[in-house]
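Every read-out reported here was derived from the displayed coordinates using simple, explicitly stated rules and does not represent laboratory data. All of these numbers come straight from a predicted model, not from anything done at the bench. Don't worry about glycine lacking a Cβ; one is built from the backbone with ideal geometry, like all the others, and counts go over all protein chains shown.
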Amino acid sequence: MAIHSPESRIWWNEPVARGELVWVAIAFVWGLIMFFMMIYWHIYGKQNLSAVVGRVDPEVYVGKVEAFTEKYKVREEGETGIPVAKPEAGGDAYMVARTFEWWPVLELEKGKSYKLHLSSADLQHGFSLQPTNINIQVHPGLEHVVTVTPNESGTFGVVCNEYCGLGHHVMGGRIYVVEPGQGG
Amino acid sequence: MSSVAIESRTLGAIAAKFRTCPATGLKVDLAAQALIKANAVAAVVFLAIGGIFGLMVALTRWPAVHLLSSDMFYLVLTAHGLDVLLLWIIFFEMAVLYFASAVILSSRIAAPRWAWVGFILMVIGGLMTNVAVLQGESTVMFTSYPPLKAQPHFYLGLILFAVGALIGCCVFFGTLVIAKEERTYEGSIPLVTFGALTAAIIAVFTIASGAIILIPTFLWSVGYISNIDTLTYKLVWWAMGHSSQQINVSAHVSIWYLIAAVTVGAKPLSEKVSRTAFLMYILFLQLASAHHLLVEPGLSSEWKIVNTSYMMYLAVMGSMIHGMTVPGSIEAAQRKSGFTRGAFEWLRKAPWGNPAFAGMFLSLVMFGFIGGISGVVLGTEQLNIMMHNTLYVPGHFHGTVVTGTTLAFMAVTYLVVPLIFQREIIWPKLARIQPYLFGIGAAGISMFMMGAGTLGVARRHWDLAMTDAALPYGYPPIASLMLGLNGLSAIMAATGGALYVVIVVASILFGKKVDETNIGTALGPMPQRVVRDAVTKYGNAGSWHLPGTYVLVTVFFGAFVLYYFVNWKYLSELWPMQ
Amino acid sequence: MIYIKDSPALAGTKSQFVIAWEGFMAQDPQPETAVAPPERIPFMQRLLDNPFLLLFLGVVIPTVIYILWGVMEITQIPLAK
Ligand SMILES: [Cu+2]
C-alpha cells in the first residue's frame with residue numbers, strides 16, 4: 001500500500017515484472033529519440049533560431065533602425081504614415097519593438113534571405129509573425145539577428161505576444177512579402 | 001472524536017496529542033491536523049477568488065461577450081495567475097506535506113509553532129500581493145518581467161509568501177527526521193511520503209530561486225538598484241515559476257497513489273520502479289524551466305536542448321512510468337477484488353461514483369493526454385518557435401495545473417474532509433458529479449486555448465480583433481470560435497469549481513461528524529472486495545498480468561508519437577530561419 | 001508497518017471498508033528471506049532512503065546545469081556590431 005512502508009526491508013532487489021520493464025525501456029528510448037531529434041534538426045532542419053546576438057544600448061539600436069529606414073524607405077502607409085522599408089535582398093533588415101508598435105514596416109522578396117535585426121527600445125515584447133506563426137522573444141538591450149527566408153508572398157502581421165503594458169493589444173506591425181523584382 | 005481516542009505522548013520535553021484514525025489506524029498529531037486544516041482552508045479561499053478571476057478572463061476573451069475593459073482584463077489576469085497558480089496550489093501543498101509526513105508516518109509534527117509562523121507569513125504575503133494588484137499599479141502579470149515595474153509591496157508580498165513556504169518545507173524535513181528517530185515507521189518511508197519528499201525538494205529549489213531573483217527586484221522597485229538584467233531575471237524567475245509547477249506534478253502524482261491506495265486498495269507494482277521515477281523528478285524535472293526560454297536571444301542551443309529535455313527526457317520517462325504504474329496498480333488491485341473479466345472490467349467497475357476516485361482517474365488521464373503530451377511538444381526547442389507566448393502555452397498548463405493538479409487536489413479533498421476534518425461530505429450526489437463537471441470544463445479550456453494558440457492567437461491579449469491598432473492583424477475566424485468555446489468551457493469549469501468550494505465549506509461547517517461507525521461510508525463508495533480466491537493470483541511480479549493497462553499506455557504512446565511528429569511536419573513548412 | 005487491524009479503535013467495530021481492507025492486507029505473507037543486516041542494503045535504496053542527500057542533489061543539479069550555466073552564457077553575450 002502506497003501509504004505504508006514497503007513490506008520487505010530490501011525492496012530494491014525485488015524483481016520487476018516484464019511488462020513494467022518493457023514500458024520503462026520504451027519510455028527511455030522514446031526520450032532519446034526526442035532528444036536527438038532536436039540535434040538532428042539543427043543539422044538537417046531549416047527552422048532553427050539564430051544564436052547571433054549582441055548587447056546594444058536601446059537608444060543606439062533605435063538610431064540604427066532609423067538610419068536603415070531612411071536609406072531604404074519606399075513609401076509610407078496607414079493613417080500614421082508609418083514608413084515601409086525595402087532592404088536589399090540578402091542584406092540586413094531592422095525592426096524595433098516599442099510601446100506600442102513594430103517599426104518600420106518591411107517589404108521583403110520571396111525566396112531571398114535577410115538578416116532580420118530585432119530588439120526593443122523599452123520593455124520586452126514578443127515578435128509574433130502571423131499567419132505563419134513564428135514567435136521570437138525581444139529584449140531591450142539585446143540585438144538578435146535572425147536570418148529569414150520568406151517562402152510565400154503576401155501580407156504578414158506582426159503581433160506583440162509579450163505583455164508590455166495597457167496598450168499591448170494595439171501593438172501591431174507588418175511585413176510584406178512580394179515576388180522577386182516586384183513591389184517597391 | 002471520542003475522548004478515548006486521544007492519546008498523549010511525551011517525547012523529550014515535547015508533549016504531543018494524538019488521535020487514532022478509525023479508517024487507517026494511523027496516529028494523527030492534533031497539531032499537524034490543525035495545520036492541515038488551516039492550509040487547506042486558505043487554499044480553497046484563494047481557489048475561489050482566483051477561479052472567479054479566471055472566469056472573468058475567459059469571458060473577456062470570448063469576442064461576443066468581451067466582459068472587461070482592457071485595463072481591468074490585464075489586472076484581473078495578473079490576479080488570476082497569482083491566486084491560483086501560486087496561492088491555491090502552494091497552500092494546498094503545505095497541507096499535503098504535513099499530511100504525508102506527520103499523518104502518514106504517525107509522527108508528531110516538527111516545530112508546529114514555526115509551521116504556524118510560516119502559515120501566517122504566507123497569508124500576509126498572499127494578501128499583500130493581492131492588494132498590490134487590485135490597487136491597479138501592479139498590472140505586470142504573474143511573471144512581472146522587468147523593466148515592467150510593479151509597486152514594491154507586490155514583490156515584498158511574494159517574498160514573504162516564499163519565506164513562509166520555505167519554513168513549511170523545513171517543518172516537513174524536520175518531521176521526517178523525528179519520525180525516523182522515534183521509529184514511528186519501519187524501513188523506508190511509504191511511497192506517498194516519498195512523492196511528497198520529491199515535491200518538498202523541488203519546492204526548496206523553487207523558493208530559493210524565487211528569493212534570489214525577487215529580493216533584488218524588490219530593491220530595484222524601491223530604487224536601491226538601478227537595473228535588472230532582463231534575461232537573467234527571466235532565467236532565474238522561471239527556475240521558480242516553472243519549478244513551482246513541478247512541485248505540483250510531484251504532489252499530484254503522490255496523491256494519485258494515495259487515492260488509489262485508499263479507494264481501491266492499490267499497492268505500487270514495484271517500489272523500486274515508482275521511486276526511481278520520483279528520483280528522475282528530483283534530479284531533472286526542474287531543468288524544464290528552460291521551456292520558457294527557448295526563443296530567447298542570448299542562450300545557446302546546447303543549454304536549451306540539455307535543459308528543456310530534462311536531461312534527455314529522463315523526467316518524462318519518470319512521468320510515463322507513473323502514467324503506467326498508477327493505472328496498473330489500480331488494475332492489479334481490482335483484479336484481486338475479483339473484477340477479472342476481459343481487459344476492462346476492472347475499470348468499468350471502478351468506483352466512479354466516488355468523487356475521490358473519479359477525480360483522480362480523470363486527473364491521471366487528462367494530465368497525460370492533454371497536459372503531458374502538449375508539454376513535451378511545447379518544450380521541444382524548435383517546435384517552440386510555433387507556440388511561444390501564444391495561447392497554446394496557457395492551454396498546455398491548464399492541462400497540467402488544472403486538469404492535472406487542481407483536479408487531483410479536489411479529489412483528495414473528498415478524503416481529507418472525512419479523515420482530517422472528520423466530517424461527512426454533505427450532498428454526496430452533487431459531489432459525485434463535481435469532478436466530471438470541473439474536469440471536462442477544464443479540459444475544454446485547455447484544448448480550445450491550445451487550438452487558438454495553434455492559429456497564432458497571442459496569450460495575455462485583450463483584443464483578438466486588434467480594433468485600435470494602427471496595423472491590426474486579423475486572425476482567422478475560427479479563432480473566435482475557439483475562444484467562444486473556451487468561454488463556454490470556462491463556465492462549466494467554474495460551475496464545477498464553485499460546487500467544490502460550496503460542498504467543501506458546507507461539509508466542514510455542517511457535515512455529520514465522522515467516527516469509527518461511519519468512516520467507511522464517509523470515504524465514499526468503494527468496490528466490494530470480497531473475492532478472496534483471486535487474492536493470491538495477482539499483484540506480485542510472478543503473476544503480473546494487466547492487459548487493460550497495456551491497452552491504455554499503448555493508446556497514449558501512439559497519440560504521443562503521432563502528435564509529436566505532426567508538429568515537426570508543421571514546423572518544416574515555416575519560413576526557413578537560421 | 002502499520003496494519004489496519006492493529007488499530008485499537010477498531011476492536012469490535014468493523015465497517016465494510018475495514019473488512020475489505022483486512023482481506024487485502026492479509027494476503028500473501030512475505031516469506032522472511034533472512035533478515036539482512038543493514039549494511040547489505042543496496043546503494044540505490046540507501047540513496048532513496050536518504051532525504052537530505054536527495055535534497056542536496058535536487059538543488060545542486062538544477063543550480064549548476066540550469067542557473068549557473070545559463071548565467072555564464074548571459075554574461076558572455078558580446079557587444080553588438
Ligand atoms: Cu509589446
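Quick notes on this one:
- Normalised contact order of chain B, rounded percent, pairs of Cα under 8 Å and 6 or more residues apart: 15 percent
- Residue ranges B:26-33, B:278-285 sort as B:278-285, B:26-33 when ordered by packing (mean number of other C-beta atoms within 10 Å per residue, highest first).
- For the protein assembly as shown: rounded, prolate or oblate by the Cα gyration tensor [a/c cutoff 1.5]: prolate
- Taking a straight line from the alpha carbon of B:K234, these lysines sit under 19 Å away, with near neighbours fewer than eight places off in the same chain left out: B:K149, B:K304.
- Mean Cβ count within 10 Å, highest first, over the residues of peptides B:501-511, B:373-383: B:373-383, B:501-511
- FRET efficiency for the A:R18 to A:K71 pair, using the beta carbon distance and R₀ = 56 Å, is estimated at 0.20.
- Surrounding net charge for B:A458, when Lys and Arg each add one and Asp and Glu each subtract one, Cβ distance under 13 Å: +1
- A simple spin-label model places pseudo-atoms 7 Å from Cα toward Cβ; at A:E79 and B:A465 they are separated by 1.5 nm.
- Close amide H pairs (under 5 Å, H built 1.01 Å from N) link B:V457 with B:L391, residues at least 5 positions away or on another chain.
- Taking other Cβ atoms within 10 Å as a rough exposure proxy, B:F73, B:F119 sort from fewest to most as B:F119, B:F73.
- Long hydrophobic helices in chain B: the complete DSSP H runs spanning 18 Å or more by Cα along their own axis with mean Kyte-Doolittle hydropathy of at least 1.0 are B:30-61, B:112-134, B:152-181, B:191-221, B:477-510, B:547-572.
- Residue exposure sequence - A:E7, B:E424, A:E109 - by fewest surrounding Cβ within 10 Å: A:E7, B:E424, A:E109
- Computed from the Cβ-Cβ distance with R0 of 45 Å, the FRET efficiency linking C:T75 to B:T340 stands at 0.15.
- Lysines with Cα under 23 Å of A:K64, excluding same-chain neighbours fewer than 8 positions away: A:K73, A:K86, A:K112, A:K115, C:K81
- Overall Cα dimensions of chain B, principal axis frame, Å, largest first: 73, 57, 45
- Spacing of the two label points (7 Å from each Cα toward its C-beta) at A:R55 and B:K37, in nm: 5.6 nm
- Likely footprinting exposure, B:H153, B:H252, fewest C-beta neighbours within 10 Å first: B:H153, B:H252
- Along the range A:136-151 the Karplus relation, 6.51 cos²θ - 1.76 cosθ + 1.60 evaluated at θ = phi - 60°, assigns HN-Hα couplings of 9, 6, 10, 10, x, x, 10, 9, 9, 10, 10, 8, 10, 10, x, 10 Hz to successive residues, with x for each Gly and Pro.
- Cα-based shape type of the range B:288-348, given that a ≥ b ≥ c are square roots of the gyration tensor eigenvalues and the cut on a/c is 1.5: prolate
- Prolate/oblate/rounded call for the range A:52-178, Cα gyration tensor, a/c under 1.5 rounded: rounded
- Each Cα pair under 8 Å and six or more residues apart adds its sequence gap; the mean of these over the residue count of the range A:52-178 is a relative contact order of 26 percent.
- When you filter the chymotrypsin sites (Phe, Trp or Tyr not before Pro) in the range B:179-228 for DSSP loop state and at most 13 other Cβ atoms inside 10 Å of their Cβ, you are left with B:Y224.
- Residue (of A:N48, A:G91, A:F68) at the positive-pole extreme of chain A, dipole from beta-carbon charges: A:N48
- Sparse-neighbour loop sites [trypsin sites (Lys or Arg not before Pro); the range B:262-352; at most 12 other C-beta within 10 Å; DSSP]: B:R341
- Each residue of the range C:62-76 was assigned a 3J(HN,Hα) from its phi angle through the Karplus expression (A = 6.51, B = -1.76, C = 1.60, θ = phi - 60°), giving x, 5, 6, 6, 8, 6, 5, 4, x, 5, 4, 5, 5, 5, 8 Hz with x at Gly and Pro.
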